[in-house]
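Visitor: Would you mind keeping the following structure in view while I ask a few things?
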Amino acid sequence: MPTGLSLHVGLNTVDPARYEGWDGQLQACENDARDMAALARARGFSDTVVLTADGTVENVTAELRRAAGRLGDGDILLFTYSGHGGQLPDTAGPDRERDRKDETLVLFDRQFLDDELHREFQRFQNGVRILVLLDCCHSGTGIESLANLLTPDALRAQFGTPDPGGVEAASRLMPVLQQDRVFARDRAFYEELRREVREDGAGPGPGAVLIGACQDNQLASDGDVNGLFTARVLDVWGGGAFEGDLRGFHRAVQKRMPAIQSPSFHTTGAPSPDFLGQRPFTV
């Protein structure tokens, strides 16, 4: 019998001392983590929930490594994250990131690079299935460019306001000004971290499937109870009524989302046809 472990991270705030005075206040991220943990538990996963102040790089990394030590061929990891998303300039050159930026999870004490997450997944045995759901922004264009690309009516329909400042408050975007300040302060640290992570190796690792709340240049909506993406995930799942595979699940969620927040589907490490053909959340 395969083993299923799940890790659910939800941050309603971050440490303002680490983010130049910004606390990143959100409403629904802890709820997202708890609700996804309940879904996972009902499907036979052993779940771990990490909330806000416990959502540090050290704690999240430790939980991922603990799971890597327990799971073997045929087992599955479910990892969900709800919180702010950010981007940092990638100074390693255009061959590293097509948009010259690293997407990040904005954890309580610092931003967690996509390269770091990939490195942690590489610690898992090749036969482990990894399913990832990220409910956060990965907005490479920043709010000013997005506001220029979208009509006020489109912004008002999703975020309740056409004003960029208001959109920032209603979305899970780390404000661009804050991203710039933090990167300027910590640039040497992140450049050294990138070198360290990439020197650890670039193997494909186990098969992983990511369903993200939006594209890299889009924003993800927060909410009163759940984030918009997580709410649609729970709606489509319907307490287990959904019978399709992972791609079908992504398409069903996508159909329920507004045009300016289009969920992504991304794979790494060549997940097997059997994995891709399974119902979501299958141990």
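Visitor: Provide a single number: the residues in region 243-276 that are exposed (fewer than 13 other Cβ atoms within 10 Å of the Cβ) and of a type in the set (D, E, K, R).
Guide: Result for region 243-276: 3.
Visitor: While we're looking at this one, here's another question. Do you know which residues across region 96-112 are assigned to a strand (DSSP E or B) and either at pLDDT 85 or above or under 16 Å from Glu192 (Cβ atoms) (or both)?
Guide: Of region 96-112, the ones assigned to a strand (DSSP E or B) are 101-106, 111-112.
Listed by number, the residues that qualify are Asp102, Glu103, Thr104, Leu105, Val106, Gln111, Phe112.
Visitor: Note down all Cβ pairs under 7 Å where the first residue falls in region 54-79 and is free of Cβ contacts under 8 Å to residues at least 12 places away in the same chain, the second is of a type outside the set (Gly, Ala, Ser) and buried (at least 16 other Cβ atoms within 10 Å of the Cβ), and they're at least six residues apart or on different chains.
Guide: Asn59/Val50
Visitor: Still on this structure, please answer the following. Of all the residues that make up region 113-129, how many are part of a strand (DSSP E or B) and buried (at least 24 other Cβ atoms within 10 Å of the Cβ)?
Guide: Of region 113-129, the ones part of a strand (DSSP E or B) are 113, 129.
From what's left, buried (at least 24 other Cβ atoms within 10 Å of the Cβ): 129.
Total meeting the criteria: 1.
Visitor: Only residues that are at pLDDT 90 or above and under 25 Å from Ile76 (Cα atoms): list them for region 165-223, please.
Guide: Pro206, Gly207, Ala208, Val209, Leu210, Ile211, Gly212, Ala213, Cys214
Visitor: State the number of residues belonging to region 64-87 that are at pLDDT below 95 and either over 15 Å from the mean Cα position of the chain (by Cα) or more than 20 Å from Cys136 (Cα to Cα) (or both).
Guide: Qualifying residue count for the region: 0.
The values are calculated or read from the model by the stated rules, or taken from the named source; none is laboratory data. Keep in mind that what you see is a predicted model, and the values were worked out from it rather than measured. Using ideal geometry, Cβ is built from the backbone for each residue, glycine included, and neighbour counts are taken over all protein chains shown.
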